[in-house]
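This report concerns only the one structure given below.
Values quoted throughout were computed directly from the atomic coordinates according to the rules given, and no laboratory measurement underlies them. Source: prediction; values computed, not measured. All Cβ positions, glycine included, derive from the backbone under ideal geometry; neighbour counts span all protein chains shown.
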Amino acid sequence: MRVTRYTPSDQAQWDAFLGASKNGTFLLRRGYMDYHSDRFVDHSVLFHNDKGQLIAVMPANERDGVLQSHGGLTYGGVICDDSMTTPAMLAVFDALLDHLQGSGLRRLMYKTIPHIYHRYPAEEDRYALFRANARLYRRDVLSVIHTDARLPFQKRRARKIAQAQKLGLLVEISQDFAAFWSILEANLLAVHGVKPVHSLEEITLLRGRFPEDIRLHVCKENGVVVAGVVVFNSERVAHVQYISASERGRDIGALDLLFATLIERDYASQAFFDFGISNENEGRELNVGLIEQKEGFGARAVTHDYYEIEIP
């Protein structure tokens, strides 16, 4: 097994492998990963078997002697195609840990990819992590709807949807990220004292690179945006990346109507609708009000696990 560190000359090979993988999404393509390359020291790696064939890649960065897979992405870990077997994954991890030791890195922080994003079973890495005595240090809860077996909306959610429908609110796809970002930034600053992970310029850049995968859906009252949702749409999963509504939008149930439309119409053909997490403090705190809203639409829990391995 040969491990090499990613260089820009590997981009075409990396993206081609991602496209044919069983657990990769557009977030792991270099056009997405590299938008914030100025904030991270990239240490992504490629794995070739003894025949010289590329069998796996892992997006990663290094920081303070630690390899993170990847600190700037929602999920990460080893990406592989359907030729990957459990014994081969054990060899990948052995080679990876040898590479880290040889690079002077003392710890691996590993994000898994939740199974809902897998096109074919791809949890060989979980077993390899267990064999390497990895420690589970974080577990988040995704609120997910299984589209083919959808639960009914909670009565409270249904009432808010009906309220919004009576007002004649319009739900549509929009290109006006600026209008939504002004609502999003104001809410995040007021409630959490933070800014969105992506600036307006960054999300506009990424939307330009991935127009079919990154979509803004808005709810309007008399032509004015009162709520919006940014969806990152992969092959099997529609993932809600950002949610926000103005005070008026919250009062009139704009988000409820917007979510109902996305679930029942715009993403009804997707296997899963993922509201994302409701956790803080590395999964140890749960925002009960937030998760109750998501579960009111019929979402239920899928866990997202994070591991660490100390390098001897």
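So if R0 is 35 Å, what FRET efficiency would residue 156 and residue 182 give, r being the distance between their Cβ atoms, rounded to the nearest 0.05? Numbers along the way, then the final one.
Working: r = 28 Å, r/R0 = 0.81.
Once rounded, the FRET efficiency stands at 0.80.
Extension gain for residue 268-residue 11 works out to 89.2 nm (0.36 nm per residue, less the C-alpha to C-alpha distance).
Tilt of helix 86-102 relative to the longest C-alpha principal axis of the chain, in degrees (0 to 90, nearest 10)? Roughly 80 degrees between the two axes.
Cut-off is 10 Å between beta-carbons; in what order do 277, 173, 145 appear when sorted fewest neighbours first? Numbers along the way, then the final one.
Values: 277 18, 173 10, 145 24.
Listed from fewest to most nearby Cβ atoms, that is 173, 277, 145.
Listed by chain and number, the aspartates and glutamates whose alpha-carbon sits under 17 Å from that of residue 51, ignoring those within fewer than 8 places in the same chain, are 81.
When 286, 46 are sorted by how many other C-beta atoms sit within 10 angstrom of their C-beta, beginning with the fewest, the order is 286, 46. Taken over the C-alpha atoms, region 181-228 has Rg and Dmax values of 12.3, 32 angstrom. Note that the chain shows a convex hull volume over its alpha carbon atoms of 132 Å³ per residue. Here region 149-242 was treated as a single set of alpha-carbon atoms; its pair distances binned every 10 Å from 0 give 14, 39, 36, 11 percent.
Between 170, 243, 153, the Cα set farthest toward the positive side of the dipole of region 144-303 (charges on each charged residue's Cβ, about the Cα centre) is that of 153. Charge tally for residue 74 (other residues, Cβ to Cβ under 11 Å; Lys, Arg +1; Asp, Glu -1): -1. For the chain, the relative contact order comes to 22 percent (Cα pairs under 8 Å, sequence separation of at least 6).
Each of 244, 234, 37 was scored by other Cβ atoms within 10 Å of its Cβ. Arranged with the fewest first, they read 37, 234, 244. Cross-link partners for residue 160 among the aspartates and glutamates, with Cα-Cα distance under 14 Å and sequence neighbours closer than 8 places in the same chain left out: 251, 256. Here the extension length gained between residue 101 and residue 20 equals 26.2 nm, from 0.36 nm per residue of separation less the Cα-Cα distance. Mean residue ellipticity at 222 nm, helices only, the chain: -9000 deg cm²/dmol; runs of at least 4 DSSP H residues each add -39,500 (n - 2.57), and the sum is divided by the number of residues.
Please give the net charge around residue 288, taking every other residue with its beta carbon less than 12 angstrom from that of residue 288, where Lys and Arg add +1 and Asp and Glu add -1. Overall, the nearby charge balance is -3.
Under a model in which nothing but the beta-carbon of Lys, Arg (+1) and Asp, Glu (-1) is charged, region 17-134 shows a dipole of about 220 debye around its Cα centre. Volume per residue for region 2-133 equals 102 cubic angstrom (convex hull of Cα atoms). Please state the Cα pair-distance histogram of region 144-303 with 10 angstrom bins from zero: what percent is in each bin? Calculated over all Cα pairs of region 144-303, the distribution is 10, 40, 40, 10, 0 percent.
Take every pair of alpha-carbon atoms less than 8 Å apart whose residues are at least six positions apart; their mean separation over the length of region 144-303 yields a relative contact order of 32 percent.
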